[in-house]
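None of the figures in this text is laboratory data; all of them are computed from the coordinates on show. Here the structure is a predicted model, which means the values were calculated and not measured. So basically every Cβ, Gly included, is an ideal-geometry build from the backbone, and we count neighbours across all protein chains shown.
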Amino acid sequence: MLSFTNLLGLVVLTLGGWALWSLQSDSGSRSLNLPSDLENRGPRNIKLYFAKDTEDGLVVEERTVQIAEGEYVLGRVLEELVRGPQMQGAAPLVPAGTPAPTVFLRDSTALVDLPAAYGRLNYGTAGELALIYGITNTLLEFKEVQQVKFLLEGKEVESLGHLSLLDPFKRQKP
């Protein structure tokens with residue numbers, strides 16, 4: 001039958017099992033989800049980086065866009081970037097009708113998947129630099145993005161012709 005020691009052991013084992021079950025079932029309610037800038041809906045002020053029409057660098061255009069419920073902010077920003085500039089002195093990064101890249105955020109890395117059309121742009125060095133850094137600087141305006149990695153049709157590529165795309169482009173430390 002049960003001795004006092006066996007009974008005490010059974011009580012301790014039962015209490016330990018109950019405590020473990022209680023902690024596991026309650027742990028989901030203890031996580032803290034802080035709001036992200038990428039989840040904000042409604043009007044948003046964004047900064048878009050376009051090529052200068054003099055072909056010697058980038059120019060920043062500030063624009064207000066309406067973010068709809070369920071719309072992915074980074075994707076919308078790249079759509080605005082591909083749509084082209086609205087200000088004087090700026091040139092579009094890609095020809096009209098070029099599809100916008102797809103963007104995913106993994107940890108703090110924005111993965112930009114360029115459509116096949118980007119591999120056929122045949123830009124010179126200045127045009128390619130403007131394209132890559134225009135996209136990169138635009139995405140780095142979001143605090144959630146610390147670096148940007150480029151893919152072409154879902155695959156890593158060495159370059160689009162001039163600039164190495166093997167390593168991610170990182171936020172510069174002040």
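Return the sequence-ordered ³J(HN,Hα) values of the range 138-144 in whole Hz as given by the Karplus equation 6.51 cos²θ - 1.76 cosθ + 1.60 applied to θ = phi - 60°, using x for Gly and Pro.
3J(HN,Hα) across the range 138-144, in whole Hz: 4, 6, 6, 5, 8, 5, 6.
Whose amide H sits under 5 Å from the amide H of residue 161, counting only residues 5 or more places off or on another chain, with H placed in the peptide plane?
Counting only residues 5 or more places away or on other chains, the set is empty.
Which residues make up the longest stretch of the chain clear of trypsin sites (Lys or Arg not before Pro) that lie in a DSSP loop with no more than 11 other Cβ atoms within 10 Å, not counting the sites?
1-119
Please list the non-local residues whose amide H lies under 5 Å from the amide H of residue 151, H modeled 1.01 Å from N, same-chain partners needing a gap of 5 or more.
It is 112, 113, 114, by chain and number.
Under 17 Å from the Cα of residue 149, which aspartates and glutamates turn up, not counting those fewer than eight places away in the same chain?
Cross-link targets: 107, 113, 128, 141, 158, 167.
Kindly write out, for the range 87-93 in residue order, the coupling ³J(HN,Hα) from the Karplus curve 6.51 cos²θ - 1.76 cosθ + 1.60 (θ = phi - 60°), rounded to whole Hz, with x marking Gly and Pro.
9, 5, x, 10, 10, x, 7
Under 8 Å for C-alpha pairs, at least 6 residues apart: give me the relative contact order for the range 32-158, rounded to a whole percent.
25 percent
Which of 47/143; 143/170; 52/155 have a Cα-Cα distance over 22 Å?
52/155
In debye, nearest 20: dipole of the chain around its Cα centre with unit charges on the Cβ of K, R (+) and D, E (-)?
Rounded to the nearest 20 debye, it is 340 debye.
Taking the Cα centre of each part, how many Å lie between the range 52-66 and the range 114-174?
Between the Cα centre of the range 52-66 and that of the range 114-174, the gap is 17 Å.
Two-decimal Rg/Rh of the chain from alpha-carbon positions, Kirkwood Rh?
1.31
Taking θ = phi - 60°, what integer Hz values does the Karplus form 6.51 cos²θ - 1.76 cosθ + 1.60 yield along the range 60-66, in sequence order, with x for Gly and Pro?
Each residue of the range 60-66 in turn: 9, 10, 8, 9, 9, 10, 9 Hz.
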